[in-house]
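Enquirer: Sharing a structure here in structure tokens format.
The values are calculated or read from the model by the stated rules, or taken from the named source; none is laboratory data. All figures in this text were calculated on a predicted structure; none of them were measured in a lab. Every residue, glycine as well, gets a Cβ built from its backbone with ideal geometry; the counts of neighbours run over all protein chains shown. All accessible areas refer to the heavy atoms of the entire protein, side chains included, with ligands and DNA or RNA removed. Shrake-Rupley method; radii C 1.70, N 1.55, O 1.52, S 1.80 Å.
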Amino acid sequence: MIETILYYVASVLALLFVLVPHEFAHAAVAYANGDPTPKINGRLTLNPVKHFDPVGFVMCALVGFGWARPVPINPANFKKYKVGLFTTAVAGVVTNYILAFAFYPLYLLSLRLGSNYGTYFLKYFLLLVFSYNLSIAVFNLLPLFPLDGFRVVESLTKPWNKVRQFLGRYGQYILMALVLESFICGIAGRYWEIFYKLDILRYVMYFATNIIGWPIRALWGLIL
């Protein structure tokens with residue numbers, strides 16, 4: 001019982017080290033590109049309250065994929081439109097990958113500590129910060145509106161591009177369907193294992209932690 005409570009507390013705290021830096025990075029890079037909109041709206045900060053989105057936070061805690069409150073930007077203010085749009089879009093996922101890189105060695109070091117409730121909490125917290133950062137990075141690169149991946153598509157294509165128009169028009173519905181499907185499969189999978197194999201976002205998670213995360217684990221595994 002105590003271990004379960006500690007796990008969920010660690011999960012909530014880990015999300016703060018994932019979602020808040022992600023949104024702050026968007027705000028900082030947009031501001032650096034000449035757009036004052038994030039600062040005017042009070043988003044150029046690491047204050048979690050300013051970035052909190054209750055639905056996205058709960059979804060991330062439940063299925064490992066979620067979002068914070070999107071940072072408002074005005075690309076018309078960018079000094080160079082395409083460069084500003086692209087760098088602002090990828091700022092969050094790059095930050096998440098850097099954080100995953102920084103926290104993984106701390107997790108490895110925590111494994112050398114003794115076994116008690118304090119170390120149990122620390123190990124789970126560090127592991128969750130690592131895995132959440134990777135999963136949020138990969139999840140946000142899906143080219144579906146309003147995720148960062150769609151903003152990357154915007155920066156690389158013309159407004160009349162048919163694929164861009166489709167992703168912009170229907171992306172949020174596809175995204176909602178994926179999250180819902182993952183949630184249902186997660187519950188049903190407890191009773192029928194076949195549902196775990198039908199969970200599309202589960203494969204995205206596997207790709208994030210085992211493929212995208214492999215260079216981090218391999219490097220620090222050699223060092224530590």
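Enquirer: Search the stretch 198-224 for residues being touching a residue at least 60 places away in the same chain (Cβ under 8 Å) and touching a Ser or Thr at 6+ places or on another chain (Cβ under 6 Å), and hand back the single one that is most open to solvent (accessible area, probe 1.4 Å).
Expert: Checked the stretch 198-224; the qualifying residue most open to solvent (accessible area, probe 1.4 Å) is M205.
Enquirer: Still on this structure: Pick out the one residue from D35, D53 that is free of Cβ contacts under 8 Å to residues at least 40 places away in the same chain and open to solvent by less than 50 Å² (accessible area, probe 1.4 Å).
Expert: Selected residue: D53, the only one of D35, D53 that is free of Cβ contacts under 8 Å to residues at least 40 places away in the same chain and open to solvent by less than 50 Å² (accessible area, probe 1.4 Å).
Enquirer: Taking helices (runs of 4 or more DSSP H) that fall entirely within the stretch 1-117, which contain at least 2 residues that are under 25 Å from R151 (Cα atoms) and modelled with pLDDT under 95?
Expert: Correct list: 2-32, 48-51, 54-63, 81-110.
Enquirer: Collect the residues in the stretch 1-32 that are open to solvent by less than 30 Å² (accessible area, probe 1.4 Å) and among the polar types (S, T, N, Q), keeping them in residue-number order.
Expert: S11
Enquirer: Can you name the condition, by its number, that F195 falls short on among (1) surrounded by 13 or more Cβ atoms within 10 Å (Cβ to Cβ); (2) under 15 Å from F139 (Cα atoms)?
Expert: (2)
Enquirer: Can F145 be described as more than 28 Å from A10 (Cβ to Cβ) and open to solvent by 50 Å² or more (accessible area, probe 1.4 Å)?
Expert: yes
Enquirer: Same structure, new question: Out of all the residues in the stretch 172-202, which are over 22 Å from P146 (Cβ atoms) and of a type in the set (F, W, Y)?
Expert: Of everything in the stretch 172-202, those that are over 22 Å from P146 (Cβ atoms) and of a type in the set (F, W, Y) turn out to be Y191, W192, F195, Y196.
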